[in-house]
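**Student:** The following block contains the structure, expressed as structure tokens.
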Amino acid sequence: MLRFAAHFVWYKQVYKMHYIELQDDGTFLGVFPLNEEIESTSFYDGILIPLLTETKPEQAILFETWKDLTAKISEGSSVSIYRLTGLDATAAKLGTDDGRGNCHIERL
């Protein structure tokens, strides 16, 4: 079991203090609230976004594509987790930033 937590997780919408859970093979299990410290959970600064493994990560740089890209994911999908940095999470939540500035995307 793999768990990736962050201050913000984007999965169809922005979730504050949540984690993404995957099986060891990268199969998506869901996004859950991070209410307490959970063993074997990696915590990251920035925004985490799960993408289907066949999705090109550069597509996720643009904020307006996030909802559509994550809407395709359901339990059992094969995903990769990306961390976006350099993007103000509040701006992303409110939809006021298109993410083209100094955003950086890193595959975890």
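FYI, it's all coordinate maths here, none of it is from the lab. Just so we're clear, the structure is a prediction, and the values are computed from it rather than from any experiment. Positions of Cβ are generated from backbone atoms using ideal geometry, with glycine treated the same way; all protein chains shown enter the neighbour counts.
**Student:** Assigning unit charges at the beta carbon (Lys, Arg +1; Asp, Glu -1) and nothing else, what dipole magnitude in debye, to the nearest 20, does segment 1-50 show about its Cα centre?
**Tutor:** Working: 3 positive and 7 negative charges, 62 e Å.
With only Lys, Arg, Asp and Glu charged at Cβ, the dipole is about 300 debye.
**Student:** A follow-up question, please. How do the peptides 33-41, 20-28, 69-77, 48-56 rank, highest first, by the average count of neighbouring beta carbon atoms within 10 Å per residue?
**Tutor:** Details: 33-41: 10.2, 20-28: 15.3, 69-77: 13.8, 48-56: 17.6.
Highest to lowest by the protection proxy: 48-56, 20-28, 69-77, 33-41.
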